[in-house]
Amino acid sequence: RHFPTYVRAVAERDGRPAPEVGIQLYERLLAAAATLPPGESSPYDVHAPLGQLFEAQVEALLAASQGTRLAPLIELFEPAWNHNLGYSKLGAAAFRCGNQDAAERLFLRLRDGYEDWARMDEPGLLAQLWHRQGRDGDARTLLLDCLRSLADEAPGASVADRDLFEDAFQKHRATYIRIFGEPSLTATGI
């Protein structure tokens, strides 16, 4: 939890950009993890330090215009992050760095394994990806399915969950309108 403070301190001391320092320090942690003998807990677990710092590494690599270096990290963590949280984190990182194949694969695993998929941000990312690939029919169907699912579930939601449904609905609605336009959405009756 002190990693960001340490990165800032080293960057300040050395007069180097913080993203550059963070990238190098994270790589040192990766190298150290590679030398550990197999044990009960994996240094590559999503809740281990490397996993907790993954998103900071994604930010640092993107800030340093080194997003292509994310592909090997995604490959490294994917076997250990074989669950919905992992698919979400790795898929979002792949999407952000332009690795469309990995993003699509991970988002589809998340969709197939998570019942409440429609409530997440990832359907919007997958729809954007499909739109970029020229798969507008798939993107439209995905977003409309999510919007219908949320609209159907929201009335039965607890008071505490209603904001969650509304937020997800509005995000998917905004993505749909950005891609296909509001008249197209209005025509669906949603």
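The values are calculated or read from the model by the stated rules, or taken from the named source; none is laboratory data. Being a predicted model, the structure only gives us computed values, none of them experimental. Virtual Cβ from ideal backbone geometry, glycine too; neighbours counted across all protein chains shown. Quick note on the areas: whole protein, heavy atoms, side chains included, nothing else; ligands and nucleic acids left out. Shrake-Rupley method; radii C 1.70, N 1.55, O 1.52, S 1.80 Å.
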- prompt: So, of the residues in the stretch 112-121 that are crowded, with 17+ Cβ neighbours inside 10 Å and out of contact with any Leu (no Cβ under 6 Å at 6 or more places or on another chain), which turns out to be farthest from Phe165 (Cα to Cα)?
  reply: Tyr114
Residue match in the stretch 117-131 (condition: at pLDDT 95 or above, in contact with a Phe, Trp or Tyr (Cβ under 9 Å, 6 or more places away or on another chain), under 30 Å from Ala33 (Cβ atoms) and not aliphatic (A, V, I, L, M)): yes
- prompt: Quick check, is Pro72 out of contact with any helix residue (DSSP H, G or I) (no Cβ under 9 Å at 6 or more places or on another chain) and either assigned to a helix (DSSP H, G or I) or within 21 Å of Gly124 (Cα to Cα) (or both)?
  reply: yes
message: Looking at Gln57, Gln24, can you tell me which residue is open to solvent by less than 40 Å² (accessible area, probe 1.4 Å) and assigned to a helix (DSSP H, G or I)?
response: Gln57
Glu12, sole failed condition from (1) exposed (fewer than 13 other Cβ atoms within 10 Å of the Cβ); (2) among the charged types (D, E, K, R); (3) under 30 Å from Arg119 (Cα atoms): (3)
- prompt: Somewhere in the stretch 149-158, is a residue within 27 Å of Val58 (Cα to Cα) and in contact (Cβ under 8 Å) with a residue 12 or more places away in the chain?
  reply: no
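Each row is one residue, and each column tells you yes or no for (1) buried (at least 20 other Cβ atoms within 10 Å of the Cβ); (2) in a helix (DSSP H, G or I); (3) on the phi > 0 side of the Ramachandran plot.
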site: Gly98; (1), (2), (3): no, no, yes
site: Phe107; (1), (2), (3): yes, yes, no
site: Leu110; (1), (2), (3): yes, yes, no
site: Gln128; (1), (2), (3): no, yes, no
site: Gly137; (1), (2), (3): no, yes, no
site: Asp145; (1), (2), (3): no, yes, no
task: Taking the residues in the stretch 27-44 that are in a loop (DSSP other than H, G, I, E, B) and open to solvent by 70 Å² or more (accessible area, probe 1.4 Å) as candidates, determine which candidate is modelled with the lowest pLDDT.
output: Glu40
statement: Log entry, pairs with first residue in the stretch 26-44 being free of Cβ contacts under 8 Å to residues at least 60 places away in the same chain, second being of a type in the set (Phe, Trp, Tyr), beta carbons closer than 6 Å, six or more apart or on different chains, reads Tyr44/Phe77
- prompt: Only one of (1) touching a residue at least 40 places away in the same chain (Cβ under 8 Å); (2) open to solvent by less than 20 Å² (accessible area, probe 1.4 Å); (3) closer than 17 Å to Thr68 by Cα is not met by Lys89, so which one is it?
  reply: (2)
- prompt: When only residues in the stretch 152-190 that are within 16 Å of Thr141 (Cα to Cα), assigned to a loop (DSSP other than H, G, I, E, B) and at pLDDT below 85 count, which is most open to solvent (accessible area, probe 1.4 Å)?
  reply: Ala187
